[in-house]
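Right, one structure below, let's go through it.
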Amino acid sequence: MSIDINVYANEISDDLIPTILAELNKFEMVCELHPEFSFATHGGFLPIRFRITSNTFESLANKDLVSGFELHVYDNDWDIDDCYSDEDREKLQAYRKVVNFNFTGASDSFELRFASLMSAIIANLTHGAITDEECNVLYDGAVIMETARNLVVDDSDLTEGELEYHEFEGWH
């Protein structure tokens, strides 16, 4: 099963990358995007190297891990789904860019965390909107970030035995 999150924004540029990483690092992680990543040219899987700094999971202590998701940036010429209200469709169509986050959730325990956090951070930084597959739309940056924080709290319910992760072996 594949899940999509869309961020609607007027501008998306590489100038945001240091701030995105700083915001991700507030969630008890040290993160690094692939060194060749650029919003202007990227289309496909975006690997994220990270290290958990909390002591929640002893098995992850001092390990460099990798996770990620599919990320694509499009001009906003999408047909907005009929599941949205007329008001939401009108608002969403006014944005110039759409950043699409797609993940399967089957690869590792951190995909949802990174797709949710990064999409929320971008929506917040760009004063954009975020939509999900259930046709929910959020416009308020504080609400968007609180929703993402709640997801991180929810994924901390995992036990050591339930964790699925990949150790970082280098950028490919």
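Here is the figure for the range 38-55: residues that are over 13 Å from the mean Cα position of the chain (by Cα) and either over 20 Å from Tyr8 (Cα atoms) or without any contact (Cβ under 8 Å) to a residue 12 or more places away in the chain (or both) total 8.
Scanning the range 58-74 for residues that are on the phi > 0 side of the Ramachandran plot and either under 19 Å from the mean Cα position of the chain (by Cα) or among the basic types (Lys, Arg) (or both) yields a single hit, Gly68. If you go through the range 1-50 and keep only what is touching a Cys at 6+ places or on another chain (Cβ under 8 Å) and either among the polar types (S, T, N, Q) or open to solvent by 30 Å² or more (accessible area, probe 1.4 Å) (or both), you end up with Leu21, Asn25, Arg49. Summed over the range 71-95, residues that are outside any helix (DSSP H, G or I) and open to solvent by less than 60 Å² (accessible area, probe 1.4 Å) total 8. Restricting attention to the range 56-70 and to residues that are touching a residue at least 24 places away in the same chain (Cβ under 8 Å) and farther than 30 Å from Ile12 by Cβ, the residue that is most open to solvent (accessible area, probe 1.4 Å) turns out to be Glu58.
The values are calculated or read from the model by the stated rules, or taken from the named source; none is laboratory data. Keep in mind it's a predicted model, so treat the numbers as computed, not measured. With ideal geometry, Cβ positions are generated from the backbone for all residues, glycine too; neighbour counts draw on all protein chains shown. Just so you know, the surface numbers come from the protein's heavy atoms only, side chains and all, with ligands and any DNA or RNA stripped out. Shrake-Rupley method; radii C 1.70, N 1.55, O 1.52, S 1.80 Å.
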